[in-house]
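Reading through the structure tokens given below for one structure.
The values are calculated or read from the model by the stated rules, or taken from the named source; none is laboratory data. Just so we're clear, the structure is a prediction, and the values are computed from it rather than from any experiment. Neighbour counts run over all protein chains shown; Cβ positions are idealised from the backbone, glycine included. Only protein heavy atoms, including side chains, enter the accessible area calculation; ligands, DNA and RNA are left aside. Shrake-Rupley method; radii C 1.70, N 1.55, O 1.52, S 1.80 Å.
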Amino acid sequence: MKDDYTVQSVTEQYMYNGNVSKELLSRALDAFRTYKSDKTSLVNRIKDNERFYRESYDRFTGNINAQMKCDTPFIFSAIENARSDAVENFPSPNILERSAEGSQIADTLTKIIPAQLEISGFKRVYKDNARNKYKYGTGIYGVFYNDIDRSIDINAIDILDIYVDMHLSDPQDSQFMFISAAIDNDVLREAYPEFAALFTGDTTIETLTDDYQMKDRSSVLDCYYKTAEGAVHMMKLCKNTIIAATEDIPGYENGLYNHGMYPVVFDVLYPVEHCPFGFGMIDIGKSTQIAINKTDDAITENVIVNSKPRYLSKRSGGIDEAEFKDLSKNIVHYEGDTDALKPIESTPINEFALTHREHKKDELKELLANRDFQQGATSGGVTAASAIETLQQAGEKRSRAIVDDTYDSFETIVYMIIELMRQFYDDKRTFRISDEMGQKQFAEFSNAQMYTPKYTISGTQWEPIEFDIDVVPQRENPYTRETANNTILTLWQSGLLAPQNFDVSKLALKNMNFDGKDKLIRDMQELQQQMAQQQQQMMMAQQQTVPIDQQVVSGSIDENAMQQARAAQMQTMEQMPVDIAGGGENAYYS
């Protein structure tokens, strides 16, 4: 959004009588001007990168032949490949309790948080921000509570529309945070009728490519700020006038959100010291890509010159040019000597130029961590699947580190969602979830479940239950599923999953490291408990059918019953499904 907030305030016409002081409003407007001025160089760099990015597909307008130019989109390919890695490692939250009383609600949240993320449209936002992160260096998430829909909204915030202190690494440390938007005038007049004359439109929209006017919208600035007590408040501004403020709304006297954070999460690719925004892959590879483009231009021009012979002709040579150009003519007439026409000799491209281009391509791949084997290509006779996987894993160190940083941002998003649910979900809500077998179920939830009673002399106090968040990849890679399945088969073939070895197996599994290990251990523990219960039931049933004197005199009948019970339990166990970690499919022990 591009708007001038330096104009004379119109508060003389629209008197504000709320709890926000004039001093605070003045400081906020001064901060906005400073933040916007400090952001100018970043905005110019991002716009320049966007133009460079679009040239790989948006250059050919008008006369194509006049604009023909070599511009191989290596950076575009690298960005899309990196985004594919991020999508393939789509995060999934695992909520862990910090105390025993939080165990049940933690399991419930682990099931319903993914459903809440789906309702909020997080996956679409995640994909959009993944591309923004690799292109511009920063993907920005907004996590808000929608009072009208009574739901949690997750949005991708345009990097041009947010303003924070440009000299702090953590945007949460900024004194103010501003988010600008162009809102329809009719919507604003309906929501704030007392300020209807303010909403005149003529807003200038600033985009990455150009600026344009919108006569039916007005520029609105959401200003978030923190009080000395740590509460987060928000005031909505239009033309330097406060049209709404949370300090004036009943129920929000202690802040807009109880978690005390700005409702924005920055996901930075490559951080810049003392700056909340990072830099992206275009910044890294642009100069090398330009060098490759220039080399391609020279090589292509040389190939064209050498593929089409050209001649020098004397003006007095008497050559019939029409016959000379007509390849169907076997005889070309001329008047004069035979030296009137000479071929123009051209120099073929030097082998060094081709080698230099290949070196530049390799340099760009190294800079962007977009090597051939990461896209399935190999060289040097490497054909074994295990060797290819080893090369891919070795080359994906940077990708894994970047994805891990994204998981840190996702953890903050999940924390905000949990706290918004604790604050606003007073009534019972129903979420559609899936159990471990993939069957559809429905779970009820309200924020009353997120508190535990504490009994004191003065009475009962309700304390909030605290949680930890463990982020795991919700992998969508068929190779990963196959690897997980093979891991289970290998464990079965080694005998570690045999019931008689469960105690030793759990000790071994705890020292292993693979996806789904914890769930496998839980399945083994549940199976042991089921087998013990079945064994006890069989013994009780046998004792009821055998005469007392036989039970006392001989233990052979009990022993036979035990053997029969074990055989029945083994048959039941062989058909029990086990969820393959990461694959989302079922395999059977038998």
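Assorted remarks:
- Net charge contributed by nearby residues that have their C-beta within less than 9 Å of ASN49 (K/R +1, D/E -1): +2
- For SER169, residues with placed amide H under 5 Å, excluding near neighbours: HIS274, CYS275
- Per-residue extension of 0.36 nm, minus the Cα-Cα distance of SER458 and ASP147, leaves a gain of 108.4 nm for this segment.
- Counting only protein heavy atoms and a 1.4 Å probe, segment 148-188 has 42 square angstrom of accessible area per residue.
- Largest-first ordering by accessible area, 1.4 Å probe, given options GLU206, GLU345, GLU351: GLU345, GLU351, GLU206
- Segment 162-316 has equivalent-ellipsoid semi-axes of 53, 25, 9 Å, by the square roots of 5 times the alpha carbon gyration tensor eigenvalues, sorted largest first.
- Förster-model FRET efficiency, 45 Å R0, GLU80 and GLU351, C-beta, rounded to 0.05: 0.90
- With R₀ set to 22 Å, the beta-carbon distance separating VAL472 from ASP107 gives a calculated FRET efficiency near 0.90.
- From the alpha carbon centroid of segment 245-263 to that of segment 283-336 is 72 Å.
- Ignoring lysines fewer than eight residues from LYS39 along the same chain, the ones with Cα atoms less than 27 angstrom from its Cα are LYS2, LYS22, LYS47, LYS127, LYS133, LYS135, LYS215, LYS226, LYS236, LYS239, LYS286.
- The label point for VAL272 and the one for ASN94, both projected 7 Å from the Cα toward the Cβ, are 3.7 nm apart.
- D by Stokes-Einstein for segment 227-281, Kirkwood Rh over Cα pairs, 25 °C, 0.890 mPa s: 178 µm²/s.
- The modelled label-to-label distance between ALA443 and GLU253, using points 7 Å beyond Cα along the C-beta direction, is 3.6 nm.
- Length gained on full extension, THR200 to ARG124: 24.0 nm, using 0.36 nm per residue less the C-alpha separation.
- Mean separation of Cα contacts under 8 Å, 6 or more apart, over the residue count of segment 85-188: relative contact order %: 16 percent
- Extension gain for ASP48-GLU23 works out to 5.2 nm (0.36 nm per residue, less the C-alpha to C-alpha distance).
- Charge tally in the Cβ shell below 12 Å around ALA197, where Lys, Arg are +1 and Asp, Glu are -1, ALA197 excluded: +1
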